[in-house]
Structure formats: C-alpha cells, structure tokens
Amino acid sequence: QVQLVESGGGLVQAGGSLRLSCAASGSIFSIRDMAWYRQAQGKQRELVATITAGGSTNYADSVKGRFTISRDNAKNTVYLRMNSLKPEDTAVYYCNAWARGLSDGRDNNYWGQGTQVTVSS
C-alpha cells in the first residue's frame, strides 16, 4: 500500500505564495505520474498540474505562469509552488499518484487527504 500525505496549506493574502508538499510512503516499488488537483466549495474537482517520473509537466490554463510542480524522486515527494495567488485559487488541494506497491502487480491510483488553501482578497 502507498499513502500520500500533503502539507503546506494555509491562509495567505492575494498576491502571496505558498508551497505544498506531498510525501508518498509505504512499501513503494515505483511511482509514475504525480499530480495536484483542487476542489473549491460547491465545485467539481479539477486538475491543476501533472508531472511524470521523468519530469515532464502540464498545467491548467488558470495556473500557468503562476504555479510550478516539481518532484524529488529520491524522497518520493511532489511539490506545488504557488505564486501570485488569487482568491479564486481557494480550494482543498489534493495530491494524486499512480504508484505500485511492493506486493502490487500493477499501478494503482492513490489520493492524499487534502490540504486547505485559502486566499483572502
């Protein structure tokens, strides 16, 4: 089994910055793609950014140029640096990973518990 634990959320003023972290733990054989999603109150969960094991990245149009996803494969950790935050970035941010545990025969999809980001105007 693989567990994902996010940290780094909080309250920040518009224009400010935050860095989210998500550490994978457990009996991990490999981690493939990792991603950040977010869900604002009353809205559907949406993809924010993705990163492959090789470091290729993709971003939602709404965060391009402001957010940066990165990962440290040695630490099984993915990060999301968020700059120039706006009130509309307020949401619960979830870490997601396709990973394989030592006893797994295939990759499975895992979610973290989420971390709240609130941007005040």
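The values are calculated or read from the model by the stated rules, or taken from the named source; none is laboratory data. Predicted, not measured: the structure shown is a model, and the values here were computed from it. Backbone-built Cβ (ideal geometry, glycine too); neighbour counts: all protein chains shown. These area figures cover heavy atoms from the full protein model, side chains too; ligands, DNA and RNA do not enter into them. Shrake-Rupley method; radii C 1.70, N 1.55, O 1.52, S 1.80 Å.
All of (1) open to solvent by 50 Å² or more (accessible area, probe 1.4 Å); (2) farther than 17 Å from Val2 by Cα; (3) more than 15 Å from the chain's Cα centre (by Cα); (4) in contact (Cβ under 8 Å) with a residue 60 or more places away in the chain hold for Arg81 with one exception: (3). Of the set (1) surrounded by 15 or more Cβ atoms within 10 Å (Cβ to Cβ); (2) in contact with a Ser or Thr (Cβ under 8 Å, 6 or more places away or on another chain); (3) touching a residue at least 60 places away in the same chain (Cβ under 8 Å), all apply to Ser21 but (3).
Residues that are farther than 17 Å from Glu6 by Cβ and either open to solvent by less than 30 Å² (accessible area, probe 1.4 Å) or outside any strand (DSSP E or B) (or both) within the range 103-118 comprise Ser103, Asp104, Gly105, Arg106, Asp107, listed in sequence order.
The residues of the range 47-65 that are of a type outside the set (S, T, N, Q), in a loop (DSSP other than H, G, I, E, B) and in contact with a Lys or Arg (Cβ under 8 Å, 6 or more places away or on another chain), listed by number, are Ala53, Gly55. The set of residues from the range 84-102 being buried (at least 21 other Cβ atoms within 10 Å of the Cβ) and of a type in the set (Asp, Glu) comprises just one member, Asp89.
None of Ile69, Ile31 is open to solvent by less than 30 Å² (accessible area, probe 1.4 Å), of a type in the set (Val, Ile, Thr), outside any helix (DSSP H, G or I) and farther than 29 Å from Ser121 by Cα except Ile31.
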